[in-house]
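Report on one structure; see the data block that follows.
The values are calculated or read from the model by the stated rules, or taken from the named source; none is laboratory data. The structure displayed is predicted, hence computed values, not measured ones. All Cβ positions, glycine included, derive from the backbone under ideal geometry; neighbour counts span all protein chains shown. Protein only, heavy atoms only, side chains kept; ligands, DNA and RNA dropped before computing areas. Shrake-Rupley method; radii C 1.70, N 1.55, O 1.52, S 1.80 Å.
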Amino acid sequence: MANSSIKRLAITLMDTSTDKDPDVQEQIYSSLCFMGETAMVEVLESCDSYLRQNKLSTTHRTIILRAMETIVRENLSKLNKDTAKMVILLASNEMTKSKDIVFEWQQAASNVLVAVGRSFINNVMEEILLKFQPGILPHFFIMQTLANLSVANVFGMVPFLNSILGTMLPMLGMAKQDPMKAVFCVALQRFSESVLEYLANLDKAPDPTVRKDTFSNDLFNAYDVLFNNWLQNRESKVRLAVVEALGPMSHLLPNEKLEEHLPRLIPGILSLYKKNVEAFYVTKSFCQILESGVANDSRTLEPLMDSVLAALHSQICFSMDSSTLMMERNKNELLRCFTVLAAKFPDNLLSFLLPKMETSNPKVRVGTLIILKQVLNSAAPFMEVKKALILAAVRNPLQDNSNRVRRAMVQLISAMAHHGYLEQPGGEVLLEYIIRLCCITADTTPRRGNSEQEEVTDESVRRISINTLYLISTTVDRMINVLWPYLLEFVVPIQYTNALTPVCKSLVHLGQKKLADNVESFLINYNVNVNLPSPFALFARLLVVSASLQPSDGRNAAALHLLSVLQINIHPAIGRCWEQEIPGLLQSLEESEEKVLQQKEWEDKLLKLLADSLQTVGDDGWTCDLSQEMRKQLNTYSSSTIQKNFLYKCIGATLGACCNRDVVRKGLQDLLTNAQYQEESEREGLAVAFGICSAHHLDETLEKLSEFLKSDIMKKNVNFFNLFKDRADGDLEKIKSALILCYGYVAVYAPTELVLPRIESDILRNVFLYFHTKVLGIKVEPKVQCPSLPANLLSSLCSAIHYARKIRAERGPRGRAVGGGYITRWGQMRC
């Protein structure tokens, strides 16, 4: 009763499939498939009786056949032999009922036979062979079904192929219509693919005695017809079918015949690139022919190499103009061709490719770089002895400004890193190239005269360079000894500032890896690695980079992380200090994403780290060397006012910590002599440095300011112009303003009990002197470039005096007042 209900429901559904709405038709198809999941036999029987008993349109019949194919395919294990025979007979009749080709209907019937043939191959073949008789041109879909069956059930079909080929070959000459020629080609292609898969899995095959020569002669006879006759057909579909067949067929041709025909076959296939044939299918077939020739150890291939390489290279370069799916597939097949040739003809290949690096044509360069990357990755053993040659050749594109060339070059360098090229002499040039690309900034100016369509943007090149640097640093173990400590060379030079984040992150990973593996290998010998920056340069640079809260690319956190990792390579004693303080600083940066971190607050934290570091080291010589390095780096920060201003503070703090008073005097003199007084932020930075230094060295600070006041520079004579040739007359007023500002900060920062007695004699007297000048014995007021500056500074001095008096009143004449933050630290670090 239940079965009867299912059949009635199935028939009802099929009755409604006449609806012309495609959505309704698809719903009916889905419903039949769903019913077939639980009642396969009943639904299939219903479909069989419905199709036999009703005169239906081909669209209607196609829907039902599609449902039957899906039900069989997804429930094949439950299909019994009797039902299978019923389905086979129905599908065979549906497929061949019309001599004309009604594609969708007959293809649906063919698909049913293929689905059943996966398990019942003998039954399917018994039915098909009844309609595949010698001397009678078969129905189009008989050949199509045989072709699809051969790849759907390889082990089941190969035993039939000898007899099928024997029947089919005489029919090739009978095929006059293009569709029949095309379907014969498809069948030969599928038969060849089936045999090749069978031979590749003989250990699983039902008959392990099958050999290539079982089919060689028949397939050569077919090849002769296809290549000599059908390949010249005017119909592109026929030519395409011939090309697709010749590839797998070439693997099964007799060796001597293949060798004999390669000189004609290869140019014949390559010539199709110039005709209306989809390039992907030509390349795929050609790659199989190359594989056949190489496997056959062909002697006729080498004389053809020039033309082969030129044609394939041209196709790669042409594919640069398009990113369609078929172009991408063609490019992948082309690269497979180069892989095949690299294993057999490495010298020929490199002799052809490497000179192409010298061209100025971006397409040619990109194509060459892509090919070379493929060859290095897929044929590495054959390129091993060519490393020096390849390294020399790839230097040519390094100056190319095309973003496509840059991207291809970065991808090639990544491949070279994996295969040991960057370990060779000259490999560091390629690493430097990657880091330079990490520095580039987005170019908003359109590029002119360039047909390469710069969809590869500066930002995308920078991003892939950053990712590549980090990738080879973290995943290529053989690169650890190359990159550590080499990457430290790029930390200090200002031109690599934009690359600092990836460089620091890479160094952090490398350093941690080295430290975990072997402490000895982690330690840096600065005497051996003479190009590395000194520990002082690294400390100064990373500390200053950490100071800027912008840009928000994680640069400050990366710099602090690197400092934390380097600790023992900066100074052996500094580790315990940084282990305590740097994690807290990093946490402050993380929390700043939720709470705005003020620049001054952040700088105070870093200055405290500096103070604690110097106190922990406790070596005056080391402190003096650090101050000298900081002054050396000062002029490199001309484009970053925040970092330069902070560096001035660090210099003041470090000079303040020096016990060697001669070093302090020289340091202060250097600051006064080399400051860029035109910049307001620099004048302020200079003044803050003097103020912080005065917390420990008030005498030296006031002495240097007084000496500078009395120097020829301030007298605006000939010596002044010799020292400051590039400065206008008004710059003298800016120097005066800077010195007044220095006195103001000294008054604020210096210890109260020391500065108060000297306010009038050493500070105010000089300040007033700066703003009064005699010309021909007459006192005049000079023109002030910053009108509000004198008033503000005098206000600061008054505030400092008032504050000092208040403290002295509270603590007595010998009381000592110290400020907050980093000033407290300098007060504690007395020599």
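Structural remarks
- Test: residue in the range 531-548 that is without any contact (Cβ under 8 Å) to a residue 40 or more places away in the chain and of a type in the set (Val, Ile, Thr): no
- Filter result for Leu90 (of a type in the set (A, V, I, L, M), assigned to a helix (DSSP H, G or I) and within 20 Å of Ile6 (Cα to Cα)): no
- Scan of the range 478-533 for residues that are within 20 Å of Gln424 (Cα to Cα), open to solvent by 80 Å² or more (accessible area, probe 1.4 Å) and part of a helix (DSSP H, G or I), ordered by number: Arg478, Asn481
- Here Ala67 clears all of (1) among the small types (Gly, Ala, Ser); (2) over 17 Å from Ala115 (Cα atoms); (3) touching a helix residue (DSSP H, G or I) at 6+ places or on another chain (Cβ under 9 Å) except the condition numbered (2).
- Residues located in the range 492-546, provided they are under 29 Å from the mean Cα position of the chain (by Cα) and among the small types (Gly, Ala, Ser): Ala499, Ser506, Gly511, Ala516, Ser546
- Index of the failed condition, Leu199 passing every other in (1) touching a Phe, Trp or Tyr at 6+ places or on another chain (Cβ under 6 Å); (2) part of a helix (DSSP H, G or I): (1)
- Selection from the range 202-232 of residues that are outside any helix (DSSP H, G or I) and either under 16 Å from Ile269 (Cβ atoms) or open to solvent by less than 10 Å² (accessible area, probe 1.4 Å) (or both): Asn229
- Any helices (runs of 4 or more DSSP H) falling wholly within the range 590-698 and containing at least 1 residues that are more than 21 Å from Ala537 (Cα to Cα) and among the aliphatic types (A, V, I, L, M): 661-674, 680-694
- In the range 258-275, the residues that are assigned to a helix (DSSP H, G or I) and open to solvent by 70 Å² or more (accessible area, probe 1.4 Å): Glu260, Arg264, Lys274
- Per the conditions (1) surrounded by fewer than 21 Cβ atoms within 10 Å (Cβ to Cβ); (2) farther than 25 Å from Glu684 by Cα, the sole criterion not satisfied by Gln599 is (2).
- Arg462 vs. criteria touching a Leu at 6+ places or on another chain (Cβ under 8 Å), modelled with pLDDT of 95 or more and open to solvent by 40 Å² or more (accessible area, probe 1.4 Å): yes
- Qualifying residue in the range 534-549 (condition: modelled with pLDDT of 95 or more, open to solvent by 10 Å² or more (accessible area, probe 1.4 Å) and either assigned to a loop (DSSP other than H, G, I, E, B) or closer than 14 Å to Ala499 by Cα (or both)): yes
- Considering residues of the range 59-95 that are within 24 Å of Lys20 (Cα to Cα), hydroxyl-bearing (Ser, Thr, Tyr) and crowded, with 16+ Cβ neighbours inside 10 Å only, the residue nearest to the chain's Cα centre (by Cα): Thr70
- Some residue of the range 123-137 being in a helix (DSSP H, G or I), touching an Asp or Glu at 6+ places or on another chain (Cβ under 7 Å) and surrounded by 23 or more Cβ atoms within 10 Å (Cβ to Cβ): no
- Residue match in the range 201-222 (condition: closer than 21 Å to Asn332 by Cα, modelled with pLDDT under 95 and of a type outside the set (Lys, Arg)): no
- Screening Met326 with (1) buried (at least 18 other Cβ atoms within 10 Å of the Cβ); (2) under 22 Å from Ile289 (Cβ atoms) gives one miss only, at (1).
- When the criteria are applied in full, Asp553 meets the requirement of being surrounded by 13 or more Cβ atoms within 10 Å (Cβ to Cβ) and not in a helix (DSSP H, G or I).
- Among the residues listed as Asn401, Asn377, Asn348, Asn332, the single one being part of a helix (DSSP H, G or I), on the phi < 0 side of the Ramachandran plot, free of Cβ contacts under 8 Å to residues at least 12 places away in the same chain and of a type outside the set (Val, Ile, Thr): Asn332
- Checked against (1) at pLDDT below 85; (2) in contact with a Gly (Cβ under 6 Å, 6 or more places away or on another chain), Asn719 passes all but a single condition, namely (2).
- Given (1) within 23 Å of Ser402 (Cα to Cα); (2) open to solvent by 20 Å² or more (accessible area, probe 1.4 Å), index of the condition Thr339 fails: (1)
- Answer from Glu197, Glu193 - the residue that is open to solvent by 50 Å² or more (accessible area, probe 1.4 Å) and touching a Pro at 6+ places or on another chain (Cβ under 6 Å): Glu193
- Once the range 737-765 is narrowed to residues that are touching a Gly at 6+ places or on another chain (Cβ under 7 Å) and among the aliphatic types (A, V, I, L, M), the residue that is surrounded by the fewest Cβ atoms within 10 Å (Cβ to Cβ) is Val748.
- The range 558-580: number of residues that are open to solvent by 40 Å² or more (accessible area, probe 1.4 Å), assigned to a helix (DSSP H, G or I) and farther than 21 Å from Pro502 by Cβ: 4
- Any hit, the range 352-366, residues being among the small types (Gly, Ala, Ser) and either part of a helix (DSSP H, G or I) or in contact with a strand residue (DSSP E or B) (Cβ under 8 Å, 6 or more places away or on another chain) (or both): no
- Any hit, the range 43-51, residues being closer than 13 Å to Ala108 by Cβ, open to solvent by less than 70 Å² (accessible area, probe 1.4 Å) and over 57 Å from the mean Cα position of the chain (by Cα): yes
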